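Notes for the one structure printed next.
Read the figures in this text as sums done on the coordinates, not as results from a lab. For clarity, every value in this text was computed on a predicted model and none was experimentally measured. Here the Cβ is made from the backbone with ideal geometry for all residues, glycine too, and neighbour counts use every protein chain on show.
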Amino acid sequence: MAKIVQSSLKCMLVLAAVALAGAVCAQDMVKVAPKNTKVLVDNDQVRVIEVSLKPGDKLPMHSHPGNVVYFVTGGKTKTTTADGKVTETEHKAGEAVWSEPITHSNENIGNAATKALVVEMKSAK
């Protein structure tokens with residue numbers, strides 16, 4: 001009987017950890033990286049966030065609805081998605097890209113500071 005109770009408790013702890021991990025993964029970028037982000041516009045249609053990363057700076061795991069990223073400066077970024085997939089990309093100043101809703105982390109792996117504007121579409125959640 002004690003083993004059944006112990007197994008049940010372990011199972012409940014694992015389920016709670018999984019549920020909490022999902023909540024952590026879905027964090028708001030502005031809340032997890034306040035030193036690197038600044039909200040420029042926030043209304044019922046869009047939220048525009050300025051993101052600044054020095055070389056080596058990392059944005060912890062966070063989520064976005066559908067969004068456009070405009071790169072004010074170029075740079076090289078390592079992105080890790082919630083499922084663990086890692087990609088490295090290089091963007092040029094003036095480039096803009098569309099992204100479907102995503103949960104990921106980012107790291108500036110270049111040699112220069114980068115700045116981008118993230119335009120989150122509130123109707124595209």
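Among K78/K122; K54/K92; K38/K85; K38/K78; K58/K92; K35/K85, which pairs are too far apart, with a Cα-Cα distance over 24 Å? Let's see the in-between values first.
On the way: K78/K122 26 Å; K54/K92 16 Å; K38/K85 27 Å; K38/K78 21 Å; K58/K92 19 Å; K35/K85 26 Å.
From the list (K78/K122; K54/K92; K38/K85; K38/K78; K58/K92; K35/K85), the Cα-Cα distance tops 24 Å for K78/K122; K38/K85; K35/K85.
Around T114, under 9 Å between beta carbons, what's the net of Lys plus Arg minus Asp minus Glu among the other residues?
With Lys, Arg at +1 and Asp, Glu at -1, the neighbours total +2.
Stick to the Cα atoms of the stretch 28-107, pair each with every other, and give me the Kirkwood hydrodynamic radius in Å at one decimal.
One decimal place: 13.2 Å for the Kirkwood radius.
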